[in-house]
Amino acid sequence: MGEGIGFGGVYGSGLVRPQRGSSIVVGHESALRFWTNVRRSNAGMTKELLGELYPDDMLASIDTESVWADCSLLPLELPHDVAPRIAHASAALGLDGQLDIVVGKDSARRASVGARCHVWKGPVPDGLICCPEPGVYVVAPEVALMQVASGLGFYKTLALAMELCGTYSCDGVRGCEYGVVPVTTAARIGHLVSIVGRIRGLDAARQAARCCMDNSASPRETALAAMLSLPRRLGGWGCPRPELNVEIELSESAAHQCGRSHLVADLLYRRAKLDIEYQGKEWHTADEGRSRDEARQNALMQMGYSCVFVAARQIADESKVDDIAELIKRKSGLRPERTEANEQMRARRAEMLAALGICDL
């Protein structure tokens, strides 16, 4: 996780282990809605809850046997007085509608008006659940992602993974909130899917983990980065993977051009010395905005970088994306793709664009 976020700040330093048979574990869509709500409303609480999870170094070193051995809640079961406990959990977590509850086997399911019981065959170790309310546990974002991936498919799972690893959070009612705390990283997702064992339905999560990138600042940045970097067999343009929203330190003369000591690149192709900047529909229509863009370009030119601005209408036009991809590959010292996309590739690309919301532009 980025500096200052602090995954796993308190794990192993006095945390109370959850008690089997008296705890409710919330997962799937409800867990994702909880993380969406908390990161939009309370950065401090988000960091505190993330601090209950495995630290990055511990998660990176843990193996399949160890992660299963750390599950105090095995087998996952519901309390006997389930209805009032579920009502309490829903209220405590601020979630409306039915609550998605995780259990370990079919026989552990309980009929309840306020809950949907999901059988999860994967591990739920103590270091991948947090406790926002006594007796109420929520699975870590990485676990929730794995649980919903089979229903989303690869492209939507990738978009969700990059949202969780990014600094924006979206829902269908309130739209997007920007500048929020990331709740995981591509490395955490990748390691977790590699150690959970052979569980059905994780193909989309594993594929998304291999393609995920950290630090996206918006859904359109996610879409653009994914479109450009995914291999052609998956509908993408096969460019190198960019760094997202990273700083470029400026020389004194370059800083003088734009009045700043550094610039943040939306998509940085470091080897190509190329900065791709995404611009929304309303972006920089005023003279002041155009002046800032020119100052940015001049500063980057002083540093030996090129800067390309990409508008929303361009990423919805495949021929324009072809041009951008050719520029990236040429500046990266790679051979531009000359073969036309075949029927299968075009079908995958259409599926990708629809899943990433590009068709709505």
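Can you tally the net charge around ASP100? Count Lys and Arg as +1, Asp and Glu as -1, for every other residue whose Cβ sits under 12 Å from the Cβ of ASP100. Counting the neighbours of ASP100, the net charge comes to +1.
At 222 nm, what value in deg cm²/dmol follows for the chain if DSSP H runs of at least 4 each add -39500 (n - 2.57) and the sum is divided by all its residues, to the nearest 500?
-12500 deg cm²/dmol
Name the residues of the range 190-233 whose amide N is less than 14 Å from a point 7 angstrom out from the Cα of THR339 along the C-beta direction? Inside the label zone: 232-233. Once the Cα-Cα distance is subtracted from the 0.36 nm per residue extended length, the ILE195 to GLU247 segment shows a gain of 15.4 nm. Here is the short version for the chain: CYS71, CYS117, CYS130, CYS131, CYS165, CYS211, CYS212, CYS239, CYS258, CYS307, CYS359 have no other Cys C-beta closer than 4.7 Å. Per residue, the range 37-126 exposes an accessible area of 47 Å² to a 1.4 Å probe, with every protein chain left in place.
Largest first, the residues CYS131, CYS165 sort by 1.4 Å accessible area into CYS131, CYS165. Computed on the chain, with alpha-carbon pairs under 8 angstrom and 6+ residues apart, the relative contact order is 14 percent.
For the range 91-153, give the percent of accessible area contributed by carbon and sulfur heavy atoms, probe 1.4 Å, rounded to a whole number. The partial results should precede the final answer.
Details: 1110 of 2240 Å².
So the carbon and sulfur contribution to the accessible surface is 49 percent.
Full extension of the chain segment joining ASP106 with ARG271 gains 54.2 nm, where the gain is 0.36 nm per residue of separation less the Cα-Cα distance.
A straight chain from MET45 to SER332 at 0.36 nm per residue would run longer than the Cα-Cα distance by 99.1 nm. Apolar share of the accessible surface for the range 190-333: 45 percent from carbon plus sulfur atoms, 1.4 Å probe. Calculated from the structure at hand, Rg/Rh (Cα atoms, Kirkwood Rh) is found among (1) 0.98; (2) 1.19; (3) 1.01 as (3).
Under the Kirkwood approximation for Rh and a Cα-based Rg, what ratio Rg/Rh is obtained for the range 203-252? Write down the numbers at each step before the final one.
Values: Rg = 12.9 Å, Rh = 12.1 Å.
Result: Rg/Rh = 1.07.
Think of a 1.4 Å ball rolled over the protein heavy atoms: the range 218-361 then has 53 Å² of accessible area per residue.
The values are calculated or read from the model by the stated rules, or taken from the named source; none is laboratory data. Keep in mind that this is a model prediction, so the values were computed, not measured. Here Cβ is always computed from backbone atoms with ideal geometry, including for glycine, and neighbour counts include all displayed protein chains. When the accessible area is computed, the model is the full protein with side chains, heavy atoms only, and any ligands, DNA or RNA have been set aside. Shrake-Rupley method; radii C 1.70, N 1.55, O 1.52, S 1.80 Å.
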